[in-house]
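To start, the structure under review is shown below, and the notes come after it.
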Amino acid sequence: MSISNCNNDECSTSSPSSQKLVNLIRQFTHTMKSGGLKLKDRCKKPAQVHALTISSILSSSSSSNSDETASLRFVNANKSHLPYGLPDLNLIEPDIDAHINHVDFVDSVSDVYNRIMHSDSDCEKSLLYLEQYALLCALGDPKLLRRSLQSARAHAVDVHSKVVLSAWLRYERREDELVGVSAMDCIGRVLECPKSALVNGRYDDSHSVFDCCQCVCENASENLNECLADGVDDAEEIVGFCIGNEVISCVRAKIASLSSPLNTLLYGNFVESGKESIDFSQIGISVEAMRGVEIFSRTKMIRDFVSPSIVLEILSFSQKFCCEEMKWACEVYLSALVSNVDDALIFIEYGCEEHASLLVASCLQVVLRELPHSLNNPKVLSLFCSPESMERLSMVDHASFLLYYFLTQVAMEEKMTSSNTVMLLERLIECATEKWQKILAFHHLGVLLFEKEEYKNAQSCFKAAYEMGHVYSAVGMARTMYKQGNAYLARDLINKVLIDCKKPNGWMYQERSLYNLGSKKILDLELATKLDPTLSYPYKYRAVSLVTESSSNEAIQEINKIIRFKVSPDCLELRAWFYLVLEDYQAAVRDIRALLSLEPYYMMFHGKMRCDYLVDLLSQRVKQWTPADFWLQLYDRWSCIDDIGSLAIIHQMMAHDPGKSLLRFRQSLLLLRLNCQKAAMRSLRLARNLSTTNHERLVYEGWILYDTGYREEALSKAEESISLQRSFEAYFLKAYTLADASVDPDSSSVIQLLTDALKCPSDGLRKGQALNNLGSIYVDCGKHDSAADCYVNALDIKHTRAHQGLARVYSLKDERKAAYEEMTKLIEKAENNASAYEKRSEYCDRDNAMSDLCMATQLDPLRTYPYRYRAAVLMDEQKETEAVEELTKAIAFKPELQMLHLRAAFYESMGDYNLALKDCEAALCLDPNHKETLELYNRTQKQAG
């Protein structure tokens, strides 16, 4: 029953089935809140909680609910069948972005690129790439961020920077989640190698951090110069060092060569210089350690000593007498002993006391490579958070902005205890030296304090960042003013920002809408969507407003506008909520299951109920499927290109078979289609951990390596898997990797690999993908008939996307009408058809093309081809200003490589070389090796003089 079609009297009474469901949800939630189990206990033992509450609810569903109603903030059951009423507009306000968010993104990234190109210092370049990383965080593209970190690591010179950046790169791949993988394992590249990070200095031009490392070499302690001596030459002068009743005989010249102080002691004007024995009893070194010093003076080696305590004594002696070579040897030896966090915490104390920078670096590396888990250790938190510990680290050159930036990123991503994160951010502020670093640190701290509801302190932090030029921090200032009851001041501040800004951003109008009412609020939200259609709050506000006006279907249509191109948990939650209003439980469960695929522990109803518990309750009101039904439904949703529906079915299949790695792998593929990369990688890692055979595990490891940019390693995993067992997935991985890397220009081996894959057992969903890819390779080779056969075969097994490939074949055969009709079939079948409208535009006249592209933009404003096409048409019509503006409005919310390149070309043709150079530099920040942009950049530089 649709509420939008009900009058007030009709809506005052719910159906018996929906009323029973409300009672179940209420009683279930009340039991959770009053039954003595804390939230953290429920998270640890969800199975027990489920067993306790569901069974008790089902056995007492007819009991009175008056007590629950009094204790919970529900809408009265007589007025609504929703346990928590309708969504609260006050609880859906947009979050404050924690990243640096400059008004002119293009200007800021082009400036960084320019400084990188003109820097002669590797150390400076490394920091500039870190700044680039901070700016690119606003885009949220993991591949761009990883490339910036890799570039920073490539130019790192000192051991500290290498250790932190190598650990950061490892953390970004989340290897800590792979079962059986050690923190100190190496993937085979210098880039992340723990041993290579401990080597000071930069590689020469003949080597790269992307080269294979030498982890198989002998221990670093064995790399010391060996100057072995079988004994003491009778002609050499001997000196004895007395320690208690023991005398250690040493070669005077060898001991003197260890350092200038010892040389002065033994050959200077001291009384001891002429003695044959010197009393070292008060020096603080044991007999065993002094023997170690004597042996090192002759052999230059520490390896004969197995006791770390003796080596620590030698280290202390080396520090006292400035024996740098022996000190370094001790540090190398001790570094090899640090294998876990507990060892690191012990040795790092000694390292700081003896100013042993290499030993501290080795300990720091172990701790950082164990992130995020190591931050749960109170001793680790004390090491990084306390001002005293930070001062000790700084004494050995291991307290830096880079280190604390990494730590705060981890703490914020993992949602660590806020008090600890605040302390880390305070240390970050202390380490910040450059303006951008201070802006980032103050803004980060402001966001965290705002979440803690410490509005006054948060406002001070935001103000500091704002006064240093970060305009976006005005959002934080305004929000804290609003929370403190100063809505007028908040609105005035945002008005000032809008007046001062030549080209306002969408977030400015979105923020002002929070402090406006009525038509002014609606107008601000419309302007926000027009300038930046990716902002979710305007859609959410309009949708919730509609549902409160009993227009639930219209609310769903509104929220669908953003879900079509930007899937997020909060929007899926709202749509599921709206479906509950309509009593469409099947659709609500679908959205909740899709939501759980993105965030497994998400809380519905503004954080009041776990989604998985709600699914259990709602499952009583939806049709139950058999395993055969699951596959039939999956084929149906897959063929309709309904990725959210497919994701929900996969999630339901996993509930029945949670240990099946294949389902996790399928889930990761769907999440990648929806551009949910972090969630996709999590599913892929779980698939790897759940795999029961070596050949299957190797395939998933290969995909992990491929997705993080390690093509050669991915190829090696695929080949190793094939050597163990010929399988569809192993052949497909190898073919996909080879095709992407363009290793095989004639594509013959890729074709053979895909053919071999199709001979192996698999289901139609994956075989359809392989046929589609094979058809694409045939098209590139000019074998159009073979390509058409592949696409037809793919369509026979309901791989709907093959319509697009077949249309391309028709087009190449000059059958444009057939191509247009083929794409029309795809539009009619596909649930998500923005790309189909875009592709169909290539097979019709200009007017129809413009119509299709307008529809594509309406359905998915993130698709860039329509903007580029319209801009090219305007340029062709000599409307240069309009052409540039068409690109500019899209670049404002999606600064994409092709659009930046095209606008730079437009500027060049208009003679505006400075703006052309800026766009080229911004584009090269996104892809520094883009050939066409590099050519345009070099040409424009010459023209600009």
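The values are calculated or read from the model by the stated rules, or taken from the named source; none is laboratory data. Just so we're clear, the structure is a prediction, and the values are computed from it rather than from any experiment. Quick reminder, even Gly has a Cβ in these numbers, built from the backbone with ideal geometry, and neighbours come from all protein chains shown.
The table below gives the values:
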{"read-out": "Checking residue 82 against (1) modelled with pLDDT under 95; (2) touching a Ser or Thr at 6+ places or on another chain (Cβ under 8 Å); (3) more than 30 Å from residue 918 (Cα to Cα), the condition it does not meet", "value": "(2)"}
{"read-out": "Qualifying positions in the stretch 411-422 - under 23 Å from the mean Cα position of the chain (by Cα) and in a helix (DSSP H, G or I)", "value": "411, 412, 413, 418, 420, 421, 422"}
{"read-out": "Test for residue 630: is it in a helix (DSSP H, G or I), buried (at least 23 other Cβ atoms within 10 Å of the Cβ), of a type in the set (Phe, Trp, Tyr) and touching a helix residue (DSSP H, G or I) at 6+ places or on another chain (Cβ under 7 Å)", "value": "no"}
{"read-out": "Top-ranked residue in the stretch 563-579 [being in contact with a Pro (Cβ under 9 Å, 6 or more places away or on another chain) and surrounded by 22 or more Cβ atoms within 10 Å (Cβ to Cβ); ranked as farthest from residue 618 (Cα to Cα)]", "value": "574"}
{"read-out": "Residues satisfying the stated conditions in the stretch 427-465, i.e. under 25 Å from residue 394 (Cα atoms) and among the β-branched types (Val, Ile, Thr)", "value": "429, 433, 439"}
{"read-out": "Selected residue [closer than 25 Å to residue 104 by Cβ and either crowded, with 18+ Cβ neighbours inside 10 Å or of a type in the set (Ser, Thr, Tyr) (or both)] from 865, 820", "value": "865"}
{"read-out": "Matching option when the condition is crowded, with 16+ Cβ neighbours inside 10 Å and at positive phi, among 767, 798, 783", "value": "798"}
{"read-out": "Top-ranked residue of the stretch 837-848 - restricted to ones that are part of a helix (DSSP H, G or I) and surrounded by fewer than 20 Cβ atoms within 10 Å (Cβ to Cβ), ranked as nearest to the chain's Cα centre (by Cα)", "value": "842"}
{"read-out": "Complete set of residues in the stretch 384-407 that are hydrophobic (A, V, I, L, M, F, W, C), assigned to a loop (DSSP other than H, G, I, E, B) and within 28 Å of the chain's Cα centre (by Cα)", "value": "399"}
{"read-out": "Lone unmet requirement of (1) crowded, with 23+ Cβ neighbours inside 10 Å; (2) β-branched (Val, Ile, Thr); (3) in a helix (DSSP H, G or I) for residue 338", "value": "(3)"}
{"read-out": "Within the stretch 898-945, considering residues that are of a type in the set (Asp, Glu) and within 17 Å of residue 112 (Cβ to Cβ), the one surrounded by the most Cβ atoms within 10 Å (Cβ to Cβ)", "value": "919"}
{"read-out": "Qualifying position, being more than 14 Å from the chain's Cα centre (by Cα) and either surrounded by fewer than 22 Cβ atoms within 10 Å (Cβ to Cβ) or not in a helix (DSSP H, G or I) (or both), among 151, 166", "value": "151"}
{"read-out": "Pairs with Cβ under 7 Å, 6+ apart, first in the stretch 281-295 and closer than 20 Å to residue 354 by Cα, second basic (Lys, Arg) and surrounded by fewer than 16 Cβ atoms within 10 Å (Cβ to Cβ)", "value": "none"}
{"read-out": "Scan of the stretch 349-376 for residues that are among the aliphatic types (A, V, I, L, M), part of a helix (DSSP H, G or I) and more than 16 Å from residue 323 (Cα to Cα), ordered by number", "value": "360, 361, 364, 366, 367, 368, 375"}
{"read-out": "Any hit, the stretch 458-467, residues being under 30 Å from the mean Cα position of the chain (by Cα), farther than 30 Å from residue 580 by Cβ and in contact (Cβ under 8 Å) with a residue 40 or more places away in the chain", "value": "no"}
{"read-out": "Scope the stretch 353-377; condition among the hydroxyl-bearing types (Ser, Thr, Tyr) and surrounded by 24 or more Cβ atoms within 10 Å (Cβ to Cβ); matching residues", "value": "362"}
{"read-out": "Condition check for residue 541: buried (at least 22 other Cβ atoms within 10 Å of the Cβ), at pLDDT 95 or above and over 30 Å from residue 643 (Cβ atoms)", "value": "no"}
{"read-out": "Top-ranked residue in the stretch 446-462 [being buried (at least 18 other Cβ atoms within 10 Å of the Cβ) and not aromatic (Phe, Trp, Tyr); ranked as nearest to residue 99 (Cα to Cα)]", "value": "447"}
{"read-out": "Exclusive hit being touching a residue at least 12 places away in the same chain (Cβ under 8 Å), part of a helix (DSSP H, G or I), at negative phi and more than 24 Å from the chain's Cα centre (by Cα), set 924, 902", "value": "902"}
{"read-out": "Residue match in the stretch 425-434 (condition: assigned to a helix (DSSP H, G or I), hydroxyl-bearing (Ser, Thr, Tyr) and in contact (Cβ under 8 Å) with a residue 12 or more places away in the chain)", "value": "no"}
